[in-house]
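Worksheet: the structure to be examined is printed underneath.
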Amino acid sequence: MDITTTQDTAPPPLSPPPAETRQKQAARGATRPGDRIFLGLSRGSGIFLLALMAAIAVFLTYRAALVLTKNEGNFFTTFEWEANGSPPVFGIAVLAFGTIVSALIAMIIAVPVAVGIALFITHYAPRKLSGPISYVIDLLAAVPSIVYGLWGALVLVPHMTGLFSWLDEYFGWTGIFAWQGGAPRSMLTVGILLAIMILPIVTNVSREVFKQVPQMHEEAALALGATRWEVIRMAVLPFGRSGVISASMLGLGRALGETMAVATVLSPTFDINASLLDPGGGTFAQNIASKFGEANTTGQDALIASGLVLFVITLLVNGAARAIIARRKEYSGANG
């Protein structure tokens, strides 16, 4: 037998079908009752979620449209909230500023700390230590917001005086950290409390993402002589970047919409202070929670209008995060 001839006439290896072909084959193969039921439930869940979001948007838009025509002030620039008056005068300038500033403070504090904790648990801590730390973080994520609020009002606020004095002494010249000596129920205190609240969320998601880093990537970096930090910088962080962004957006969503903790700690006023240490300001969720009970029909519609703005801000933030991830394919863990 001519071995050369046999090898030359052997059929070429089969290449895997393209993605579209595999999807069509999977769709044709979903003929079993269990597959059809699962497909229907999955598709129905997605459609129900979209319908629910659309219903919420329609309700908020309808109620907001009823009251905005009656508003005697500019809804976006007025520094006042007298929605129960006749005529009503209200605006969201202070609420938008306070919501965004407090959420940004929380993100600046919480995200680096959360990523550091997640890296420590997954790559530095021994197994006997990483387990208890993970358990404690899971417990922190389950604590109700009102408990955080009570702790913030009774423990955090009284102990912020020293920090405020130090910031005023060394950085008061900036105006941002100038302090007039009032009660430390300010935007900085709210931001610190929100950072503590979103820390478990960002940590847990980041930890699970870092656990999915292929072991071969880390071993290859170590074999090339990389240090532990170089392995994290070159293999772990690029792989988990999209997960960290998603975790940050989850934390930001909670920070933007947090209600009871902010209402318990903050001394709300309808003015914008240049200093983060002076009492005052407000957020959308805190304003809705504190004024909804005493509001008349017009006042409730005004609060719903402010809730519509918060709804839009949340959608824009999540949309921007998805755009950032989709814009850079290397953010995907599958490409790491």
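So what are the ³J(HN,Hα) numbers for the range 132-137, from phi and the Karplus equation (6.51, -1.76, 1.60; θ = phi - 60°), rounded to whole Hz, Gly and Pro as x?
My calculation for the range 132-137 gives x, 5, 4, 5, 5, 5 Hz in order.
Please list, in order along the range 52-60, the HN-Hα scalar couplings obtained from phi with the Karplus expression 6.51 cos²θ - 1.76 cosθ + 1.60 (θ = phi - 60°), rounded to whole Hz, x for Gly and Pro.
Coupling constants for the range 52-60: 5, 4, 5, 5, 4, 5, 5, 4, 5 Hz.
Beta carbons within 10 angstrom, averaged per residue: use that to sort the peptides 147-154, 171-178, 123-130, 101-108, highest first.
Order by mean packing, descending: 101-108, 147-154, 171-178, 123-130.
Tell me the label-point distance for the pair Tyr62, Ser42, using the 7 Å Cα-to-Cβ offset, in nm and rounded to one decimal.
Spacing of the two 7 Å Cα→Cβ label points: 3.4 nm.
Go through the range 36-48 residue by residue and turn each phi into a ³J(HN,Hα) via Karplus (6.51, -1.76, 1.60, θ = phi - 60°); whole Hz please, and just put x for glycine and proline.
Listing the rounded values in order: 5, 5, 5, 4, x, 5, 5, 5, x, 5, x, 5, 5 Hz.
Can you work out the FRET efficiency for the pair Ile108 and Tyr170, with r the C-beta to C-beta distance and R0 = 25 Å, to the nearest 0.05?
Computed FRET efficiency for Ile108 and Tyr170: 0.85.
What's the angle, to the nearest 10 degrees (0 to 90), between helix 297-327's Cα axis and the longest principal axis of the chain?
Helix 297-327 sits roughly 30 degrees off the main axis of the chain.
With the crude spin-label approximation of a point 7 Å out along Cα→Cβ, what separation in nm comes out for Ala141 versus Thr314?
In this crude spin-label approximation the distance works out to 1.9 nm.
Give the distance, in whole Å, between the Cα centre of the range 228-302 and the Cα centre of the range 158-192.
19
Would you mind calculating the gained length between Ser290 and Glu208 on full extension (0.36 nm times residue separation, minus the Cα-Cα distance), in nm to one decimal?
Taking Ser290 through Glu208 to full extension adds about 25.8 nm, to one decimal.
Rounded to the nearest 0.05, what FRET efficiency do Ala55 and Phe120 have when you use their Cβ-Cβ distance and R0 = 35 Å?
0.20
Quick check: pseudo-label points 7 Å beyond the Cα along Cα→Cβ at Lys128 and Ala226, how many nm apart are they?
Calculated label separation equals 3.0 nm.
For the chain, take the longest principal axis of its alpha carbons; what is the angle in degrees between that and the long axis of helix 93-119, to the nearest 10 within 0 to 90?
Tilt of helix 93-119: around 40 degrees.
Provide, for the chain, the number of lysine pairs with alpha carbons under 29 Å apart, each pair being eight or more places apart or on different chains.
So the count of such lysine pairs works out to 4.
Counting every Cα pair in the range 75-145, what percent are over 14 Å apart?
74
Let me have the 222 nm mean residue ellipticity of the chain computed from DSSP H runs of 4+ only, each contributing -39500 (n - 2.57), with the sum over all residues rounded to the nearest 500.
When only DSSP H runs of four or more count, the value is -21500 deg cm²/dmol.
No value in this document is a laboratory result; all are computed from the given coordinates. Everything numeric here is computed off the predicted structure, so don't read it as measured data. Methodologically, a virtual Cβ is constructed for each residue, glycine included, from the backbone with ideal geometry; neighbour enumeration extends over all protein chains shown.
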